[in-house]
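The values are calculated or read from the model by the stated rules, or taken from the named source; none is laboratory data. Note that this is a predicted model, so its numbers are computed, not measured. Please note: Cβ atoms are built from the backbone with ideal geometry, for glycine as well, and neighbour counts cover all protein chains shown. Keep in mind that these areas ignore ligands, DNA and RNA; they rest on the heavy atoms of the full protein, side chains included. Shrake-Rupley method; radii C 1.70, N 1.55, O 1.52, S 1.80 Å.
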Amino acid sequence: MTFIDHLEELRGHIIRSVLAILVAAIVIFIKIDWVFDNIVMGPVRNNFVSYKYMCGLSHWLHIGDALCMPPIPEGYKLLGNTVSGPFMSAIQIGVIGGFIAAFPYIFWEFWKFVKPALSPKELKYSRNAIFFVSIFFFLGAAFGYFVLGPFTFNFLANFNLGTANMYEYKPALDDYIDNLVNIILGCGIAFELPILAYVLTKIGLITPAFLTNYRKYAYVVILVVAAVITPSPDWTSQMIVFLPLLFLYELSVIVSKRVYKRDQAEQDNWQ
C-alpha cells in the first residue's frame, strides 16, 4: 500500500470510531437527566454506594472510622455562569461517556489498522490484546469513579478556607465535570501500566532488571503521585490510591519477567 492508501485506511477506522462514539453519546444524551443525577453527581450524593461500603470496610478492618467520609454539606449545588453552560455540559457528558462506552470498539479499530504490519510472531504474542487493554481500562475507570472520585470531591466539599465566613464555596459545573473526567480517564490510563510493560519489554526498551533495580525509586514516585492526586491529608485515603498503583507496578515487573524469559528462551533455541 502507498502512503495515501494508508491514510485512506486510517481515515476509515477513525470515521467508524467517531460514529461509535456518536451513537453511544446520543444514547447518553437521550437519558442525560438520569445520567447527570445518578452518575455524574453520584460522588457528591450522600447516598452514593462508595460511602457506605468504604465505611463498612473501615469497620471490618478494625480501623474505626478512618475510611468513613463526612456527609456532603446540605444544599451542595454546582454553579453555571454562562448561557450555554448546561447544554454544552450535556454534550461534554455525552461525548466523554460515549468514548468510555465505545472504548473496546475504538481499540479494536486501532488494532485492525496496525495488525497487517505485525509479524506472525508478534500476532501470536498479542493475542487477546483487545480484551486485556479494555479490562484494565475499565478497572481503572471504575477505581477512579468509585474510590478516588468520592474521596476527592468529599474532601474538597468539606474543606473550609478561613473562619470568618468571608468565602462562599460555589463550584462551577464545568470545573466539576473536568475534574471527574480527569480522574476517570487518568485512572483508566494508569491501569494500562502492565500492558505498557509488556509492550516495552517486547521491543527491548525495558528489562525486568531495570524495573527491579529502580523499584525503590518507583515506590517513592508512586507515593508522591498518591499524595498529589489525593487531596485529603489523611494517610488512609492516600493508601487507598498508593496500594493499587503499587500492585500495578509489581504486576508489571512479573509481566516483564515472563516476557523477557520467554524471549531469551526463543533466542537460545534459534542459536
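Scan segment 165-190 for residues that are over 14 Å from the mean Cα position of the chain (by Cα), free of Cβ contacts under 8 Å to residues at least 12 places away in the same chain and assigned to a helix (DSSP H, G or I) and jot them down. Of everything in segment 165-190, just one residue is over 14 Å from the mean Cα position of the chain (by Cα), free of Cβ contacts under 8 Å to residues at least 12 places away in the same chain and assigned to a helix (DSSP H, G or I), namely ASP175. Would a scan of segment 163-182 turn up a residue that is closer than 17 Å to SER256 by Cα, open to solvent by less than 30 Å² (accessible area, probe 1.4 Å) and among the hydroxyl-bearing types (Ser, Thr, Tyr)? No, segment 163-182 contains no residue that is closer than 17 Å to SER256 by Cα, open to solvent by less than 30 Å² (accessible area, probe 1.4 Å) and among the hydroxyl-bearing types (Ser, Thr, Tyr). Apart from one condition, LYS216 fits all of (1) farther than 30 Å from LYS261 by Cα; (2) open to solvent by 70 Å² or more (accessible area, probe 1.4 Å); (3) not in a loop (DSSP other than H, G, I, E, B); the exception is (1). The set of residues in segment 67-93 being under 20 Å from VAL181 (Cβ atoms) and small (Gly, Ala, Ser) consists of GLY80, SER84, GLY85, SER89, ALA90.
With respect to the stated conditions, ALA66 fails to be within 23 Å of the chain's Cα centre (by Cα), surrounded by 16 or more Cβ atoms within 10 Å (Cβ to Cβ) and of a type in the set (A, V, I, L, M). Restricting attention to segment 113-144, which residues are open to solvent by 30 Å² or more (accessible area, probe 1.4 Å) and within 21 Å of ALA24 (Cα to Cα)? ILE130, PHE131, ILE135, PHE136, PHE138, LEU139, ALA142, listed by residue number. In segment 15-37, the residue that is surrounded by the most Cβ atoms within 10 Å (Cβ to Cβ) out of those that are farther than 20 Å from ALA90 by Cβ and in contact (Cβ under 8 Å) with a residue 60 or more places away in the chain is SER17. The condition (being closer than 23 Å to VAL225 by Cβ and modelled with pLDDT under 80) is satisfied by just one residue among ALA117, ALA66: ALA66.
Between PHE99, PHE110, which is assigned to a helix (DSSP H, G or I), open to solvent by 60 Å² or more (accessible area, probe 1.4 Å), aromatic (Phe, Trp, Tyr) and under 17 Å from ILE177 (Cα atoms)? It would help to see each step written out before you state the result.
Values: PHE110 fails: under 17 Å from ILE177 (Cα atoms).
Result: PHE99 is the single residue among PHE99, PHE110 that is assigned to a helix (DSSP H, G or I), open to solvent by 60 Å² or more (accessible area, probe 1.4 Å), aromatic (Phe, Trp, Tyr) and under 17 Å from ILE177 (Cα atoms).
Is there a residue in segment 140-158 that is among the aromatic types (Phe, Trp, Tyr) and not in a helix (DSSP H, G or I)? No, every residue in segment 140-158 fails to be among the aromatic types (Phe, Trp, Tyr) and not in a helix (DSSP H, G or I).
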